[in-house]
Amino acid sequence: QAYNCLIHFYKSCHVVPSHSMKYWETDQSIPLPWRDVACGYWWRYPNPHSQHVFSVDMLDTRVEGDKLYARRLIMKTNPLPSWGKHFFAARRVAVIEEVVVDRGKKELVWYTRNIGLARFMATVERVTLYPGEETKMAEIQTNLVGIQTSMAGTQSTMAGTMATMDETQTTMAEAQTNMAETQTSVRKQCWIESSILGFRSAINKFGVDRYKKNCGPATMGMQMVIEEKLARDQVVRLGLSEASNPCSCEAKAAQCEAKAGHCEARLGQGHKAQLSEASSGQIYEAVKRSLCDSTQKIT
C-alpha cells in the first residue's frame, strides 16, 4: 500500500506544477551498461560526493513478478541557509527513498521525499535509469536484420549471397548493440514546494538551485563507486589479490619494517644463536615477500 501510494502518485505527476511549486528536470548519462548501473544503485553510498549522507537503513523489500520494490530510510545533513536557520534548527533530515526495479523493461526508478523539514521545503525527486536510446535503435536494427535473414531464406537463387550479406549486417548490428549497451540514460526530476508564507518563492528558488548544483556530482559519485566495484570484481575473477599488486606492496613498506622489527625483537630474546648470521636486511626482504605473496614463507 505504501509503495503504491507514493509511486502511483508521482507517476501521475505529468501535469503542470502549481504556482506554488517549482519543477526542474535534466537528462544525464553514465558510460556503463544498465545492468551494472542498476546493481550499483544499492551501494552508491558512501561516495566522495555524498558527504552529506549520514546513514542508510533498509526498511523493507518485496518482489512482485519481475519487479523488485524496496524502501530505505536515509539520514542527511544538508545545511540550511543562514536565513533558514531562523525557522528550523534541525541539522539532520530524514528522507524516505522507494525504488522499483523492472528487469523486463530494464528500468530502475527511485522516488525520494523528505519527511523532515517538509513544511520548510518539501522536496520530491524521481530518478529513472534506463538503457540509452542508441541501445533501443540497435535492437530495432537487429530485429530488422533478422526479418531480412528470414526473407533471404525463402529465396533460392541468391541464397548464399544474401545469407552472407545478412550475416554481415547481423554482426554489424550486434556490434552496435554492444557499443550502445555501455550507455545508461539518467533522467532526474524534482518538485519543490514550501509552506512558509512570505518566503515561499525564495525557498523554492533556493531548493531548485541547490538541486541543480548537486545532481551532477551525485551522478558522478555513483559512477565512481560502480567503477571501483567493477574493478574489484575483475580482480577477484582473475584470482588476484591486493597483496600481489606491486603498488600495494610498496604501500605496505611501513608494515614490513614494523613486522621486521617485531621479528628481530622476538628473535633477540631466545633465538639469537640460531639467527646470528641473518641480517636485518634479509629479515626485511623475507617479511616483505611474505606480505606481497601469500604463498611465500618467511625463512
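The values are calculated or read from the model by the stated rules, or taken from the named source; none is laboratory data. Bear in mind that the values here come from a model prediction, so they are computed numbers and not experimental data. All Cβ positions, even for glycine, are placed from backbone atoms using ideal geometry, and neighbour counts span all protein chains on display. Areas reflect the complete protein model, heavy atoms only, side chains present, ligands, DNA and RNA absent. Shrake-Rupley method; radii C 1.70, N 1.55, O 1.52, S 1.80 Å.
Points worth noting:
- Accessible area ranking (1.4 Å probe, heavy atoms, ligands and nucleic acids excluded), largest first, for Lys67, Lys212: Lys212, Lys67.
- Label positions at Lys67 and Asp27, each projected 7 Å from the Cα along the C-beta direction, are separated by 2.4 nm.
- Summing +1 for each Lys or Arg and -1 for each Asp or Glu among the other residues whose beta-carbon sits under 14 angstrom from that of Trp24 gives +3.
- Computed from label points 7 Å out along Cα-Cβ, the spacing between Cys39 and Ser82 is 4.8 nm.
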